[in-house]
Amino acid sequence: VSTGSTVRGRLAAGLDLGGTKIAGVLLDEEGRVRSRTVGGSPAGDPAALREALFGVLEDLRRGGEPVAVGVGVAGLVDQASGTLWYAPNIAWREVRIRDLVADRTGLPCVVDNDANAAAVGEARYGSGRGYTHLLIVTVGTGIGGGIVIDRALYRGAHGFAAEIGHVVVEPGGPRCGCGNLGCWEQMASGQALARLAREEVEAHPEGVIAKAAAGGPPEGVHVTVAAAGGDPPARRIVAEVGRRLGEGLAGLANVLDPQAIVVGGGVAEIGDPLLGPAREAFLAMLEAPAHRPDVPLLPAALGNDAGAVGAASLALELAP
Ligand SMILES: [Zn+2]
């Protein structure tokens, strides 16, 4: 042990609070996940949700004592005050999560939007390592985003920046959870897969997707399974969603000029059947692709850990 070296022993707890689950990690300063835990998210019950959050945190603390806590939450977050203003899939409204955690645990706490947290995770420890200007896109049930400019997360005037899923790309299109019609996330996420699958099953009730759904309403995962087995309608649906994804990414690249775009989330894990058409549409729609440096679309590296790892990484910045 040499004197004067930085202390290596610090740990931070990171929590990713979503509409269906709460994921937690204990992260060290090298970005290694020391332990992880997952709990259910009783998102419709404010009091139960609070206790579930503390339950996951208590689990993590059994693996080592963190110096700070980071929380990523799927909603509009004022990062400066640690307040969740609004979340489409969680019953909390204007909740000061930072104070809630600090009062209960005595630990400093930082709160950010879950996509921002995932972006920090991928930028620091995942596929975005080494890049200065990045767009990180999370494609799951919806589409979340994080923008890194000069190595710093861009949050906007109120902390609400990078709500990229809610750009209207299909006026009059399918209704979005935000209330608008034809948001990008309705055309290029798991919800788009599910909608196109329902149309396919109505047209071909004996098809492979209908069989995968076993008589129930088809979901994105049924399309994924059918596409992996080579079913032409399923592959066409995946390619269509990929194409809409690539179009949107091109528009964002025209605005932001990133060095690379990291694409993660459950739907992105489909891989090439989705990302191939996305890359094609991206190049077709990008301004002057032949006259500018390549902007690679990179698969994310951290999987389901990204949000919790990013939240923990933000928490490590809090404590001296
Ligand atoms: Zn929307």
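A few remarks follow.
- From the list Gly9, Gly72, the one residue that fits, being outside any strand (DSSP E or B) and either farther than 24 Å from Ile147 by Cα or touching a strand residue (DSSP E or B) at 6+ places or on another chain (Cβ under 7 Å) (or both), is Gly9.
- Filter result for the condition that a residue is part of a strand (DSSP E or B), at pLDDT below 95 and in contact with a Leu (Cβ under 9 Å, 6 or more places away or on another chain), over Val77, Val25: Val77
- Every test in (1) modelled with pLDDT under 95; (2) under 17 Å from the mean Cα position of the chain (by Cα); (3) open to solvent by 30 Å² or more (accessible area, probe 1.4 Å) is passed by Val267 save one, and that test is (3).
- Residues in the stretch 200-216 that are among the aliphatic types (A, V, I, L, M) and either within 14 Å of the ligand (Cβ to nearest atom) or open to solvent by 70 Å² or more (accessible area, probe 1.4 Å) (or both): Val208, Ala214.
Rundown of residues vs (1) of a type outside the set (D, E, K, R); (2) surrounded by fewer than 21 Cβ atoms within 10 Å (Cβ to Cβ); (3) within 24 Å of the chain's Cα centre (by Cα); (4) in a loop (DSSP other than H, G, I, E, B), yes/no style:
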residue: Glu65; (1), (2), (3), (4): no, yes, no, yes
residue: Asn89; (1), (2), (3), (4): yes, yes, yes, yes
residue: Arg98; (1), (2), (3), (4): no, no, yes, no
residue: Arg104; (1), (2), (3), (4): no, yes, no, no
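- Flag if Gly246 is more than 16 Å from the ligand (Cβ to nearest atom), touching a Lys or Arg at 6+ places or on another chain (Cβ under 7 Å) and open to solvent by less than 70 Å² (accessible area, probe 1.4 Å): yes
- Pairs meeting the criteria (first residue in the stretch 174-199 and within 12 Å of the ligand (Cβ to nearest atom), second residue open to solvent by 40 Å² or more (accessible area, probe 1.4 Å) and of a type in the set (Ser, Thr, Tyr), beta carbons under 7 Å, at least 6 apart or on different chains) are Ser189/Thr141; Gln191/Thr141.
- Restricting attention to the stretch 113-136, the residues being open to solvent by 50 Å² or more (accessible area, probe 1.4 Å) and either closer than 15 Å to Asp257 by Cα or touching a Gly at 6+ places or on another chain (Cβ under 6 Å) (or both) number 3.
- The residue of the stretch 146-173 that is most open to solvent (accessible area, probe 1.4 Å), among those that are acidic (Asp, Glu) and more than 10 Å from the ligand (Cβ to nearest atom), is Asp150.
The values are calculated or read from the model by the stated rules, or taken from the named source; none is laboratory data. Remember, predicted model here, so these are calculated numbers, not experimental data. Positions of Cβ are backbone-derived with ideal geometry, glycine not excepted, and every protein chain shown enters the neighbour counts. Side chains included, ligands, DNA and RNA excluded: accessible areas come from the protein's heavy atoms. Shrake-Rupley method; radii C 1.70, N 1.55, O 1.52, S 1.80 Å.
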